[in-house]
Amino acid sequence: MDEQLQRAAEDGDIDKLYARLASNPHILQRIDDTPYANTPLHMSACVGETLFAMEIATLRPSLARKLNHLGLSPMHLALQNGQVQTVRALMTVDVDLIRVKGRGRVTPLHYAAEIEADVLLAEFLSACPSSIEDLTSRCETAVHVAVKNGKLNSVKVLVGWLMRVKMEEILNWNDEDGNTVLHIATLTNQPEVIKLLIGRMNVNAKNFEGLTALDIFYERFQHNNKEEVGKILRNANAKRASSLSGVTGLSDHLSRQLTFSELQDRFLNVLGNGSNTKSPRDMILVVAGLVAAATYQAVLSPPGGYWQDDHSPNTTTATATATSTATAGREGKPHSAGKMIMSGPCLYLFLGYNTAAFLTSACTILDLLL
């Protein structure tokens with residue numbers, strides 16, 4: 001890198017920057033054309049010269065994503081050196097800088113989890129929610145990184161955020177060895193982390209060696225007087241792989257018949273192909289709501305309605321007064337006010353079908369909403 005420009009970056013001297021640009025307008029472009037280089041932005045981010053870093057990032061935004069010869073971006077370097085203000089400033093230039101993959105495909109989010117920079121970690125997640133899906137070259141999520149490095153506070157932030165945005169399925173993701181974060185927490189004997197994870201993920205997931213978290217406990221800690229982890233797992237109904245039955249692996253899952261829920265999702269997807277209006281799920285939700293309302297209303301106002309009076313004809317005079325078919329009909333039957341006029345087999349059929357329709361629509365609504 002140009003010596004004068006390097007000195008300006010280290011000193012945060014913006015005037016020197018523009019003086020150098022005046023004498024050599026293409027200097028930043030030539031730096032950018034170098035595949036891997038320590039740019040002025042790297043230098044200023046490293047020492048916390050935020051204003052200078054922002055000036056460079058404004059003039060040449062692509063430099064904010066460039067990696068140096070160590071595989072680090074300017075934001076990586078700012079994090080390493082505790083330059084929080086510079087990190088926040090770079091986020092305003094491009095929020096996706098949080099997802100820049102450095103050496104080992106480690107992003108700034110992974111690194112924040114590793115060094116337990118909890119405030120920045122929360123800000124990263126809020127500013128760029130999709131960054132939680134990024135994986136290192138070892139297939140590690142940010143939660144894996146935090147657990148492997150024993151950073152309890154980082155784990156609390158990550159798990160709390162995943163629960164709030166309903167993305168807790170990420171806790172079941174596997175690293176390169178097939179380990180979930182629960183496997184890692186058990187392997188490294190972190191009971192507090194395990195307590196956080198219990199109830200939020202599959203406690204009986206197997207890694208690529210076919211071991212559950214409880215298997216790992218028995219192999220590593222059964223005879224080391226570290227029973228706390230074992231108690232937590234057993235209380236959560238964790239089992240050893242040998243005692244599990246049913247569908248436990250992806251091959252088993254793909255080999256079995258489709259469930260009702262899966263058939264329903266497939267049906268919805270077929271309906272949605274080429275649709276430019278509301279999604280099929282929304283349309284079914286509306287129809288199910290209408291059916292539920294109609295069947296509920298049908299109970300309040302059944303066909304034929306309710307008797308409005310009480311009637312108990314005298315059996316001794318009923319024959320004498322039965323001078324027409326009408327009086328011998330429905331109106332002449334004993335009845336009480338408030339009871340359904342419909343009776344007999346028709347009533348049972350109506351109640352049966354109406355109840356079935358109401359329950360089906362209610363279950364459909366719950367399934368679509370949850």
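The values are calculated or read from the model by the stated rules, or taken from the named source; none is laboratory data. Because the structure is predicted, anything quoted here is derived from the model rather than measured. Positions of Cβ are generated from backbone atoms using ideal geometry, with glycine treated the same way; all protein chains shown enter the neighbour counts.
Among 90, 51, which is the only one that is modelled with pLDDT of 95 or more and out of contact with any Pro (no Cβ under 7 Å at 6 or more places or on another chain)?
51
Consider the range 218-229. How many of its residues are more than 10 Å from residue 194 (Cβ to Cβ) and at pLDDT 80 or above?
So the count comes out to 4.
Only residues that are at negative phi and not in a helix (DSSP H, G or I): list them for the range 68-82, please.
Scanning the range 68-82 gives 68, 69, 70, 72, 73, 81.
Tell me which residues, restricted to the range 182-219, are in a loop (DSSP other than H, G, I, E, B) and of a type in the set (Lys, Arg).
Matches in the range 182-219: 200, 206.
For the range 63-77, state whether one or more residues are small (Gly, Ala, Ser) and modelled with pLDDT under 95.
no
crowded, with 22+ Cβ neighbours inside 10 Å and in contact with a helix residue (DSSP H, G or I) (Cβ under 8 Å, 6 or more places away or on another chain): does that describe residue 187?
So residue 187 fails the test.
Which members of the range 104-138 meet the condition of being in a helix (DSSP H, G or I), over 19 Å from the mean Cα position of the chain (by Cα) and farther than 19 Å from residue 82 by Cα?
Correct list: 104, 105.
Before we move on, is residue 235 at pLDDT below 75, of a type outside the set (Gly, Ala, Ser) and either out of contact with any strand residue (DSSP E or B) (no Cβ under 7 Å at 6 or more places or on another chain) or over 23 Å from residue 202 (Cβ atoms) (or both)?
Taking the combined requirement at face value, the residue does not satisfy it.
Could you list all residues from the range 250-292 that are hydrophobic (A, V, I, L, M, F, W, C), modelled with pLDDT of 65 or more and in contact with a helix residue (DSSP H, G or I) (Cβ under 9 Å, 6 or more places away or on another chain)?
258, 283, 284, 285, 287, 288, 290, 291, 292
State yes or no: is residue 145 part of a helix (DSSP H, G or I) and over 19 Å from residue 173 (Cβ atoms)?
no
Which residue pairs have Cβ atoms closer than 9 Å, lie 6 or more positions apart in sequence or on different chains, and pair a first residue in the range 342-370 that is in contact (Cβ under 8 Å) with a residue 40 or more places away in the chain with a second residue that is of a type in the set (Gly, Ala, Ser) and assigned to a loop (DSSP other than H, G, I, E, B)?
From the range 342-370, the pairs are 342/304; 342/305.
Residue by residue through the range 163-184, note down the ones that are surrounded by fewer than 21 Cβ atoms within 10 Å (Cβ to Cβ) and either farther than 19 Å from residue 220 by Cα or of a type in the set (Ser, Thr, Tyr) (or both).
Those that are surrounded by fewer than 21 Cβ atoms within 10 Å (Cβ to Cβ) and either farther than 19 Å from residue 220 by Cα or of a type in the set (Ser, Thr, Tyr) (or both): 163, 164, 165, 166, 167, 168, 169, 170, 172, 173, 174, 176.
Just need a number here: residues in the range 28-67 that are part of a loop (DSSP other than H, G, I, E, B) and in contact with a Leu (Cβ under 8 Å, 6 or more places away or on another chain).
4
Checking the structure you have, find out if any residue of the range 120-130 is out of contact with any strand residue (DSSP E or B) (no Cβ under 6 Å at 6 or more places or on another chain), acidic (Asp, Glu) and over 16 Å from residue 88 (Cα atoms).
For the range 120-130, residues out of contact with any strand residue (DSSP E or B) (no Cβ under 6 Å at 6 or more places or on another chain), acidic (Asp, Glu) and over 16 Å from residue 88 (Cα atoms): absent.
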